[in-house]
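Worksheet for the structure shown next.
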Amino acid sequence: MLMSTLNGGFNAVVADMLDGKTISKATACELINSSEVDMIAYIAKLIRDQSKQRCITYSRKVFINLINLCRDTCSYCTYKKEPNEQAASLMTPSQVLAIAEVGKKFKCTEALFITGEKPELKYGEARTWLKSLGYSSTIEYIAEMSETILRKTGLLPHTNAGNLTKNEILLLKDTNVLLKDTNVSIGLMLESSSERLLMAGMPHEMAPSKNPKIRVKTLENSGQLKIPTTTGILVGIGETPEELIDSLFVIKEINRKYNHIQEVIIQNFSPKPETKMSDCCGPLPSYFQKVIALARIILGADMNIQVPPNLNRSIFGKFLDAGINDWGGISPVTIDHVNPEFPWPTIDDVKTVTTTRGYNLRARLPVYPEFLYSRDEEFIPGSLRSYIDMLSDNSGLVREDYLN
């Protein structure tokens, strides 16, 4: 029925989408199971072009791999290390600050903190390391280092530290709890809303923090505390098409309640050596393209949709044809510690691919312009305004003269 509607009244369907009308979950499930790709991508591209015009963004960042011990074990992950491994990272304050200072020299504006999920709950080595630095938790350490980086370099911190309680988020945000307001945004990938992926033999069997109920709770916490938040889904880890659509609708509903989701990352699973899923295949490019387009259609014209270019270096330009408007964080200084097997393209290469398709590439801050000007002022504490103003122009993007 839907395919005949699309084929017979395509213009009407496009008009409805451009008018801001949303599709139902049932319709989205029918679309993802259909053979349509180009038509769905075309609708998504029209929606993006209407709202975002010709601007495609990225965040120029340094990647601070604070501690990569993790209490979870995901079947596809190479980020997690054990304490005795040479690649284990337990960074000192001087090491953290040194990376941020190099980032400033290379005109970065974001300091991305990333850690394993609450490593101190599993590893005595993590607890000892934190205690030696004067902290009882990883998030306390991040809060202080965020303040140090902000004050000494002007880079804007963004933290990806797994699930966080309200009190832990307040360590990063609230002036009345521990430190100055320091993080302009935080991130937590939903990955999937499917609890089935926690079952025996599934990728999250040994990763209790990937329980979608816990993830949703963190996203709701950040919404209630009014902090701009990045989330997203991981495509191809064993979820069904219907579960994938459900994940997008879960994100949509959370954002409907709190209006705080600043971007949604659509990331494809890519098999990595020496993992349980090393022999599994990632999603077909045509299927992934369709998922990206449906994310735009489901989440709407105003949402920022990101696909990292390093996981698909040979074809990432095609994602512009499916409605994305952001390439995520790209570093001229540090590697992608979560996906070190997939180096970032250079910013110049990303610019070439973007402009060749008729779009303008602009650097953004780790908080999107709409949260700076058109949202509730509570999203951006006054203590961060002066740092933001030093880096941004009147559009809320990074000043061009800062990058020159």
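Throughout, read-outs are computed from the coordinates displayed, never taken from laboratory work. Since the structure is predicted, the reported quantities are computational estimates derived from the model, not experimental observations. As a convention, Cβ positions derive from the backbone with ideal geometry for all residues, glycine included, and neighbour counts pool all protein chains shown.
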In a Gaussian network model of the chain with springs linking alpha carbons closer than 10 Å, the residue among 192, 270, 24 that fluctuates most is 24
Final fewest-first order of 108, 281 on the 10 Å Cβ neighbour count is 281, 108
What is the magnitude of the charge dipole of the chain about its Cα centre, with +1 placed on the Cβ of each Lys and Arg, -1 on the Cβ of each Asp and Glu, and no other charges, expressed in debye to the nearest 20?
460 debye
Can you give me the long-range amide H partners of residue 185? Hydrogens built in the peptide plane at 1.01 Å from N, cutoff under 5 Å, separation of 5 or more residues or another chain.
159
Selection from 292, 269, 136, by position along the positive dipole direction of the chain (Cβ)
136
Long-range amide H partners of residue 156, meaning residues 5 or more apart or on another chain whose placed amide H is closer than 5 Å, are 110, 111
Convex hull per residue volume in Å³, alpha carbons only, for the chain:
132 Å³
Hey, what number do you get for the chain at 222 nm if only DSSP H runs of n ≥ 4 count, each worth -39500 (n - 2.57), divided across all residues, to the nearest 500?
-12000 deg cm²/dmol
Using the charge dipole of the chain (Lys, Arg: +1 at Cβ; Asp, Glu: -1 at Cβ; taken about the Cα centre), state which of 342, 172, 305 has its Cα farthest towards the positive end.
172
Would you mind counting up the charge near residue 41? Only other residues with Cβ under 14 Å from its Cβ, with Lys and Arg at +1 and Asp and Glu at -1.
+2
Ranked from fewest to most other Cβ atoms within 10 Å of their own Cβ, 231, 92, 27 fall in the order 92, 27, 231
Computed over the chain: longest principal axis from alpha-carbon atoms vs helix 285-299 long axis, angle to nearest 10 degrees, is 90 degrees
At 0.36 nm per residue, and after removing the present C-alpha to C-alpha distance, how many nm does the segment from residue 49 to residue 341 gain when stretched out fully?
101.9 nm
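Relative contact order for the chain using alpha-carbon pairs under 8 Å, separation at least 6, rounded to a whole percent? Before the final figure, lay out the partial values.
Working: 746 pairs, mean separation 91.0, N = 404.
Computed over the chain, the figure is 23 percent.
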Once you list every other residue whose beta carbon is under 15 Å from the beta carbon of residue 284, what net charge do they have if Lys and Arg are +1 and Asp and Glu are -1?
-1
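Hey, fewest Cβ within 10 Å first, where do 348, 181, 393 land in order? Mind dumping the intermediate values first?
Working: 348 10, 181 20, 393 14.
Lowest count first: 348, 393, 181.
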So if we plug the beta-carbon distance of residue 315 and residue 107 into 1/(1 + (r/R0)^6) with R0 = 41 Å, what FRET efficiency do we get, rounded to 0.05?
0.90
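Tally Lys and Arg at +1 and Asp and Glu at -1 over the other residues with C-beta under 11 Å from the C-beta of residue 25: what net charge comes out?
On the way: positive: 252; negative: 30, 242, 246, 253.
Once positives and negatives cancel, what remains is -3.
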Using Cα atoms only, what is the angle between the long axis of helix 93-105 and the major principal axis of the chain, expressed in degrees (0 to 90) to the nearest 10?
50 degrees
In whole Hz, with x marking every Gly and Pro, tabulate ³J(HN,Hα) for segment 380-397 from phi via Karplus 6.51 cos²θ - 1.76 cosθ + 1.60, θ = phi - 60°.
10, x, x, 5, 9, 4, 5, 5, 5, 5, 5, 9, 10, 9, 6, 8, x, 8
To the nearest 10 degrees, how steep is helix 138-153 against the longest Cα principal axis of the chain, on a 0 to 90 scale?
90 degrees
Mark the label point 7 Å from the Cα of residue 127 along Cα→Cβ and return the residues of segment 43-84 whose backbone N is within less than 15 Å of it.
71
Can you tell which of 56, 163, 316 lies farthest toward the positive end of the dipole of the chain, using +1 and -1 charges on the Cβ of basic and acidic side chains (Lys, Arg; Asp, Glu)?
56
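For segment 35-194, with only Lys/Arg (+1) and Asp/Glu (-1) charged at the beta-carbon, what is the dipole magnitude about the Cα centre, in debye rounded to 20?
540 debye
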Alpha-carbon Rg with Dmax, taken over segment 134-250, Å:
16.0, 47
Taking amide H positions as placed in the peptide plane 1.01 Å from N, state which residues far from residue 326 in sequence (5 or more) or on other chains have amide H under 5 Å from it.
57, 305, 307
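For the pairs 80/290; 81/107; 105/152, note any where the Cα-Cα span goes beyond 20 Å.
Numbers: 80/290 31 Å; 81/107 30 Å; 105/152 13 Å.
Table pairs above 20 Å Cα-Cα are 80/290; 81/107.
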Calculated FRET value between residue 214 and residue 348, using beta carbons and R₀ = 35 Å, to 0.05:
0.30
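For residue 383 and residue 333 in the same chain, what is the full-extension length gain: residue separation times 0.36 nm, less their Cα-Cα distance, in nm? Each step should come with its number before you reach the end.
On the way: separation 50, 0.36 × 50 = 18.00 nm, distance 2.75 nm.
Between residue 383 and residue 333, full extension yields 15.2 nm more.
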